[in-house]
Each structure stands twice: as structure tokens, then as C-alpha cells.
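These notes concern the structure reproduced below.
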Amino acid sequence: MNQYVARVLEETRAKNANEPEFLQTVEEVLTSLAPVFDQHPEYEKAALLERMVEPERTIEFRVTWTDDAGAVHVNRGYRVQYNGAIGPYKGGLRFHPSVNLSVMKFLGFEQTLKNSLTTLPMGGAKGGSDFDPRHKSDAEIMRFCQAFMTELQRHVGPDVDVPAGDMGVGAREIGYLFGQWRRVRGAYQNGVITGKGLSFGGSVVRPEATGFGAVYYTAEVLAHEGTDFKGKTVALSGFGNVAWGAAMKIAELGGKVVTLSGPDGYIYDADGVVTEEKIKYMLEMRSSGRDSVKDYADKFGCEFVAGKKPWERKVDIVMPCATQNDVNMDEAKKIVANGVKYYIEVANMPTTNEALMFLLEQKNMIVAPSKAVNAGGVAVSGLEQSQNSERISWTAEEVDAKLHQIMKNIYDSSVAAAEEFGFGYNLVAGANIAGFKKVADAMTAQGLI
Ligand code: GLU
């Protein structure tokens, strides 16, 4: 490996020893960047990599809220403004008990490269809280969102930092967050947040965008192999917003999603999650706040496997849509043993580094990385910002066509970058390099900041 890259990796490990998720993503990304640094010795003098792995700003704050019984709770809020070289910071908010600084930093770093890949002018950020939305009433969710935004509002703005949703933050939460922004700031600047409802500046296709985009990207991979989704079986994990959009588009293209998963286990539906009723039911499962995938098996009478992941099933395509580190070495071995040809990451960093290396070594397998595959969500957020600033609304056909084009560009630029730097058809390395180059150019041009 390039010596400069190896040194920065060592320093980053020493400096962030308590942040395993962050180190995991830095190690994965830096491995592919080594050949870029061979060609650009000037980056070392400008400490470009040292600057890239250090967030521009990390904000932590207290969030105090009261539950329905009057008990007072304190959570920790975060906003990591990772890199603003190519545009105002942009990235989602995650409300989940697993949220900590390491998770926020890994997501912020990934977001920086992902947003760059979309070709839209968006810097990278991530935020959220260790608040657990499970089994909370609507009024409790509202009070939490209001308390969270009361603090966050001083750090965000349409030209500064534009949050959106992520796990635990959907249309309802975005509504409450924007309402509180408007109340505190006394200004109608709806470009401050994306994923809004259609009645106050949201974009059509935003809810579906991450899932649709993932399927458009996968269709490019399949086309490269001379095939398409027709008749193919797909194992998805998760049952949230991303899995929902993916299942809908896969069904439309003639494929069949046969698994969904939750913290309680997974379901296997041999007939496929293909009917409108089943796809709609995924939304109900999510809004119930129960976080249980067994509900699907109970409703549609299919198999439920408690406490396990769906990766033991024989399918054509695997798409982890749940959360980080969903596929470890043991799971990866099962996927390979089942002869799966397409391993398409959808959730952010769903694969441990060890498992990812193992999957990349398989001759008969194509691996696609999440930062490219799931970029459709933030891409349509970027389109939402454009519509807000122009005070217009595009039609669903217009937004969908732009999304489709963006996903195709991401695929093409990843293929080209991997080829250029000697990685062959390696979509993982290609996405890292293509995303990195634009940010590196902008940072270089803007001097030492
Ligand atoms: N949380 C999503 C992501 O990881 C969406 C971010 C956004 O729309 O700003 O890309």
C-alpha cells in the first residue's frame, strides 16, 4: 500500500481507537484510495488525507423531553458536519439507541463520498440521537423532535446544513422538526430540511427514492451481465423505508423479494412480496412502531424464522437493507455457499470488512457498495432543494427520470474510475475513488482549511 495512506491509516487508528464503526469505514475506503495517492504525491504535502478523515465540526448536545406520564428524559443529540467542500452539509438524522459518535462519524464520512457521487452540490453530514422511538406515542415523538430542533436550529440552514431522515426519522418526524424550525426562526425557509410532506415543499418520489435508486443501480449491474430482474429471487433484510421502495420496484421489474427481516428474525414468502397489499402492509408495520417482522408472517401466513438472518436462503440476489454490520463472515460464507451471484449493499456499511474482502475475492460474485447503491435517497433530497429554491414542483415522471439518470451516472463513473486506477470491474473501489476525487479537487482548490 502507498506509504502515505498507510501512515494516515495508522494515525487514524491510534487517534480514534474508541470508534470501531468509524475506523471500519476509514479502513475500507483508504484501501481503495492507495493508487490515487501514488499518482498525486502533492496530496501528502497538503495533508489532504489527514483533513479528509477529520470531520470539519462535531456537535453534541443535550435533548430534554417529557413523556406522557410527565417523567423527564435526557438524550444526547449529534450533528457531525463532516465535509463542506462541494456544497452545504447534507445528510440524514438517525434516531436509534445504537447512535453514538462513532456511528455518526462513519455515516458522515460515507455521506461525504456518497453525496459527491450524485454529482449534486452537497457536502457530507450526519446527525441524530440515541433516542429510541419504539413504543413512543405520537405526542412523545413530537415533543422529542421539538426539543431536538430547538438545539439543532442554530447549526443548520438552507445554505449551511440541510438534514433529512434516516432510521427512526420519517415523514412524521420531518414534519415536527420543520414545524419547530419555523416556530423558533420565524421564517419560512423550507430548504432547511428535506423529506418534507408534499403540502409544504416535499418532493414526489422522495419516499421511494432510496429503494428505487438501489434497484436502478442493480439493473445496470444485471445489464452488464446481459440479464435483468425478470424471474430473479431477492433476499432483502429490514422492512423499513428502503426495503419498501426496493420491493416495490423489484416487483414492477418482474423480480420477487422473498425475505424481509427485523430485530425479531426474518420472514420467507415463497410467493414474493409482490402484491400491492403486501407492499402497503410494510408501511403499516413501520408506523405501528412495534419493530416486528413476524407481523408480516402472521398476516399473510408465510414462514417466520425467529432470531435468524435471511442470508441462509438460496436466492439470485442479496440486498441488505437494514443497518450496519448485518453480514459478518459466517453470513458471507452462507451467501457464497448458496451460489449467490449478486451481492448488493443497500444499507450503509452492511458488511463487516472481513466479510467484504471475502466476498470481493469470489470470482463468480459481483459486489456493489452501499455508498453508490443507496445514493438515490440523498440525490432526490438534492432535487427537493432545487425545487424549493426555484419555488417549483416537478412531476413524478420528471423526478423519477432524473433519479434514474443519476443512478446510471453513478454506476458509469464508478466503473470508469475502477478501470482507470487498475481495479478492473470493481464497483467498490470505483465508488470510493470517484466520490473521493471531486471532494479532493474542491479541497485542494480552496486551500488549507
Ligand atoms: N439518510 C439518507 C442517506 O443516508 C438520506 C440523506 C438525505 O436525504 O439528506 O443518504
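Report the residue count in region 82-105 for those that are more than 23 Å from GLN387 (Cβ to Cβ) and crowded, with 24+ Cβ neighbours inside 10 Å.
Of the residues in region 82-105, 8 are more than 23 Å from GLN387 (Cβ to Cβ) and crowded, with 24+ Cβ neighbours inside 10 Å.
Taking region 130-145 on its own, how many of its residues are closer than 23 Å to SER98 by Cβ, part of a helix (DSSP H, G or I) and open to solvent by less than 50 Å² (accessible area, probe 1.4 Å)?
Looking only at that region, the number is 4.
For region 357-404, which positions are within 14 Å of the ligand (Cβ to nearest atom) and not in a helix (DSSP H, G or I)?
PRO369, ASN374
Filter region 220-238 down to residues that are among the small types (Gly, Ala, Ser) and more than 25 Å from ASP291 (Cα to Cα) and give me whichever is surrounded by the most Cβ atoms within 10 Å (Cβ to Cβ). Walk me through how you get there before you give the answer.
Step one: list which residues in region 220-238 are among the small types (Gly, Ala, Ser), which gives 223, 226, 231, 235, 237-238.
With more than 25 Å from ASP291 (Cα to Cα) added as a condition, the list becomes 223, 226, 231.
On the way: ALA223: 12, GLY226: 6, GLY231: 10.
It comes out as ALA223.
Scan VAL29, VAL80, VAL8, VAL63 and give me the residue that is under 27 Å from the mean Cα position of the chain (by Cα) and within 24 Å of VAL367 (Cβ to Cβ). If you could, list the steps in order and put the result at the bottom.
On the way: VAL80 fails: within 24 Å of VAL367 (Cβ to Cβ); VAL8 fails: within 24 Å of VAL367 (Cβ to Cβ); VAL63 fails: within 24 Å of VAL367 (Cβ to Cβ).
Only one candidate qualifies: VAL29.
Every residue in region 106-127 that is away from the ligand (no atom under 11 Å from the Cβ) and open to solvent by 10 Å² or more (accessible area, probe 1.4 Å), please.
If the condition is that a residue be away from the ligand (no atom under 11 Å from the Cβ) and open to solvent by 10 Å² or more (accessible area, probe 1.4 Å), then THR119, PRO121 are the ones that fit.
If you check VAL26, VAL8, VAL36, which single one turns out to be touching a Lys or Arg at 6+ places or on another chain (Cβ under 8 Å), open to solvent by less than 10 Å² (accessible area, probe 1.4 Å) and in a helix (DSSP H, G or I)?
Values: VAL26 fails: touching a Lys or Arg at 6+ places or on another chain (Cβ under 8 Å); VAL8 fails: touching a Lys or Arg at 6+ places or on another chain (Cβ under 8 Å).
None of the others qualify; the one that does is VAL36.
Pairs, please: C-beta under 6 Å, at least 6 apart or cross-chain, first residue under 14 Å from GLY92 (Cα atoms) and in region 168-183, second assigned to a helix (DSSP H, G or I)?
As it stands, the answer is GLU173/CYS145; LEU177/CYS145; LEU177/MET149, since those pairs meet every condition given.
For region 289-316, what are the residues that are crowded, with 19+ Cβ neighbours inside 10 Å and part of a helix (DSSP H, G or I)?
Hits for region 289-316 are ASP295, TYR296, ALA297, PRO310, TRP311.
Is it the case that GLU354 is within 23 Å of the chain's Cα centre (by Cα), acidic (Asp, Glu) and within 15 Å of the ligand (Cβ to nearest atom)?
Numbers: within 23 Å of the chain's Cα centre (by Cα): yes; acidic (Asp, Glu): yes; within 15 Å of the ligand (Cβ to nearest atom): no.
So GLU354 does not fit the description; no.
Of all residues in region 317-339, which are more than 16 Å from the chain's Cα centre (by Cα) and open to solvent by 10 Å² or more (accessible area, probe 1.4 Å)?
Correct list: ASN328, MET329, ASP330, GLU331, LYS333, LYS334, VAL336, ALA337, ASN338, GLY339.
For every residue, the table says whether it meets (1) under 23 Å from LEU177 (Cα atoms); (2) without any contact (Cβ under 8 Å) to a residue 24 or more places away in the chain; (3) among the aliphatic types (A, V, I, L, M).
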| position | (1), (2), (3) |
| --- | --- |
| ILE86 | no, no, yes |
| GLY91 | yes, no, no |
| VAL99 | yes, no, yes |
| VAL103 | yes, no, yes |
| ASN115 | yes, no, no |
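The values are calculated or read from the model by the stated rules, or taken from the named source; none is laboratory data. The structure displayed is predicted, hence computed values, not measured ones. No Cβ is skipped: glycine too gets one built from the backbone with ideal geometry, and neighbour counts run over all protein chains shown. Surface accessibility is based on the protein's heavy atoms, side chains included, excluding ligands, DNA and RNA. Shrake-Rupley method; radii C 1.70, N 1.55, O 1.52, S 1.80 Å.
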